[in-house]
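Below: the structure, in C-alpha cells.
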Amino acid sequence: MTKSRPMAVTLALFTAAGLMLGGCSAPTGEDTGEKKLTFMFRGGEDEKKAYEKAVAQFEAENDVDVDIIVTTADQYATKLKAAIAGKQVPDVFYIGPGDVQAYVQNGIVKDITEYVEGSETIDLDNIWEYGVDSYRYDGKRVGEGSIYALPKDVGPFSFGYNKTMLEKAGIPLPDKDKPYTFDEFVAAAKKLTADTNGDGTLDQWGTGLNVQWNLQPFVWSNGADWLNEDRTKVTVDTPEFAESLQWFADLQNVHGVTPSVAEAQTLDTYQRWMKGEIGFFPIAPWDLSTYQKLDFDWDVIPYPAGESGETASWIGTLGIAVSESTKHPEDAVKLVEFLTANEEAQQSLVDAGIQIPNLKDMAETWAADTTTKPANKAEFLQIVKDYGRALPGGNTFNAEWYDELFTNIQPVLDGKQTAADYLKEAQPRMQEFLDAANQQAGN
Ligand code: CA
C-alpha cells in the first residue's frame, strides 16, 4: 500500500470550518460594487493556507468578496453533489477531468472558452497544454473542443530511488535518460533486497508498489493499453497487457523484491520508503515537501520500460470550473485565471511543496534550481510535456469499467491466478461497464 498517490487521497485530514454553503446570495447592490463569489475546493492544511492567501490577494486586487468553502479530499465529492442537488452550486469549484462530460451535459459548468481565449490577464500558451486540454469537451470527446475549466495543477507521477542505498550496495546509479529494462530493474531490486544485520529477516527491499497507482507505466511501456483509440473497447485481454501485469505480480511472488503481504501490513511501503528501507518508489509533486526531510539522498528517474523501450507514466490534474448559474461570470472566470496562473499565487503553492508550476516559464526556472531535491526535477516536466498520459478512467463518462480491473485482482497479486486468466475473465465485465458509460454519455 503506497501512500504516494493522488492528491485526492494523500492530503491530511483536517476539520473544515464553515462547511455550510454560502450559496449564491443575490447581490443586493450591483451599483455599489458589492459582489460575492463562493469558491469551493478540497485540500490539506498546506493547501488551505496557500489558497486563503491567494484568495485574499485576489480580493485586494478586485472589487469582489470571496467566500471560501473548503472540505477534506474525501468529503469533497459528497459535499459538491449535495450543493448541486440543493441548487447552491458554488460560483467557482474544483472538478476532475472525469467529471467534465456529466457536468456539461447537466448544465452545471460554464463554457469559459471565450473568456480565457480573449483574456488580458492570462497567456493560455504559457499554461501546460495537458492541463487545459483535460477540460476541453466537444460534446463527444474529452480532450478536444470548448474549455470548461483551467487546471488547478498538473500532477506528473514519477519514479524515484534511494541514492544512498544504491551507493551502499555498490549498484551503479540509474541513468536519468535511459530507463531500466524490466530485467535490469529486477536485477537491481534483487541486489537491494537484503538482511543487512544478519538476524535472518530482511531489512530492506528493492521496491514496494501499489497496483492501482503503479501498474500503468509498466502496461503502457510494454505496448499495451486499457482502451482502443475511440474508447469503445476494453483491451486488457492482450498478451502485452498480461505480460506486464504478470511481471508486476512476480516482483513479489517470484522475485521476492518487495515486502511480503504480512510485512507490508506491519508497516506500509510508503512508511518503509521514508525510513530508508525501500530502494525504488514512486515520487509525485505532492510528496516533495515531505521528502525534503528524508535523511537519505534520493532522486527521480523514468519508470522501467517494457518491450517498447519507451518509459511511460500518468499525470493527474484537478481543474477549477465556473458554475453555469453564477451571477458574476466575468469575476468568477477572473478568479479561476488568478488561481491557475497568477505568478505570486503559483509561487506560494510551489514553495509549499505541493505542486509544480502551471506556468511553463516558471516551471523551467523551478526545474533548474539545484538547491532543493530532487536534482532531476526535469523528469516531472518531461512527463507533462512528452510522455505522460491521463489515467485510463479519467476521460470516460465514469470510471466504473476501470475500477473493475482492480476489484478482484488480489489473487493475481498473491500468485494464485495468472494475469492472463484473470484479464480474460475481467474483460467482459469491464466492457459491460464501459458500454453503459458510453451509452450514458450519448456516444
Ligand atoms: Ca535483518
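Here are a few things to note about the model shown:
- At R0 = 51 Å, FRET efficiency that the Cβ-Cβ distance of THR418 and GLN105 yields, to 0.05: 0.80
- Mean separation of Cα contacts under 8 Å (6+ apart) over length of the chain, as relative contact order %: 23 percent
- In nm, spacing of pseudo-spin labels at LYS191 and THR232 (7 Å Cα→C-beta vector): 5.0 nm
- Exposed GluC sites (Glu not before Pro) absent - longest run of the chain, DSSP non-H/G/I/E/B, at most 15 other C-beta within 10 Å: 311-443
- Relative contact order (%) - criterion: Cα under 8 Å, at least six apart; region: the range 185-269: 29 percent
- Taking the average, over residues, of other Cβ atoms within 10 Å as the packing measure, peptides 195-204, 97-106 rank 97-106, 195-204 from highest down.
- Expressed per residue, the C-alpha convex hull volume of the chain stands at 141 Å³.
- Across the range 179-187, rounded Karplus estimates of 3J(HN,Hα) from the backbone phi angles (6.51 cos²θ - 1.76 cosθ + 1.60, θ = phi - 60°) give x, 4, 6, 4, 5, 4, 5, 4, 4 Hz, Gly and Pro being marked x.
- With θ taken as phi - 60° and the Karplus curve 6.51 cos²θ - 1.76 cosθ + 1.60 applied, the whole-hertz 3J(HN,Hα) list for the range 115-125 is 4, 7, 6, x, 5, 9, 8, 10, 10, 4, 5 Hz, x standing for glycine and proline.
- The modelled label-to-label distance for the pair ASP435/ASP203, using points 7 Å beyond Cα in the direction of Cβ, is 5.7 nm.
- Binning all Cα-Cα separations of the range 276-402 at 5 Å, short to long from zero, yields these whole-percent fractions: 2, 8, 15, 18, 17, 16, 11, 7, 3, 2, 0.
- Linear extension gain, SER325 paired with THR407, 0.36 nm per residue minus alpha-carbon span: 25.7 nm
- Coil-residue trypsin sites (Lys or Arg not before Pro) of the range 389-443, DSSP, other Cβ within 10 Å capped at 15: LYS416
- Net length gained if the chain between SER348 and LYS275 were fully extended (0.36 nm per residue, minus Cα distance): 23.4 nm
- The chain: angle of helix 329-341 to the longest principal axis, Cα-based, in degrees nearest 10: 30 degrees
- Averaging the Cα positions of each part gives two centres, and for the range 51-90 and the range 272-305 these lie 33 Å apart.
- Taking amide H as placed 1.01 Å from N in the peptide plane, the amide H of GLY155 sits under 5 Å from that of GLY316, THR317, each at least 5 places away or on another chain.
- Between SER260 and ASP65, the simple label model (points 7 Å from Cα in the Cβ direction) yields a spacing of 6.3 nm.
- The chain: calculated mean residue ellipticity at 222 nm from DSSP helix runs of at least 4, using -39500 (n - 2.57): -11000 deg cm²/dmol
- Mean separation of Cα pairs under 8 Å and 6 or more residues apart, divided by the residue count, gives the range 271-367 a relative contact order of 26 percent.
- In a fully extended conformation the segment linking SER308 and THR371 would gain 19.2 nm over its present Cα-Cα distance, using 0.36 nm per residue.
Bear in mind that the values in this text are calculations on the coordinates, not laboratory data. From a predicted model like this one, the values you see are computed outputs, not experimental measurements. Reconstructed Cβ throughout: ideal geometry from the backbone, glycine too, with neighbour counts over all protein chains shown.
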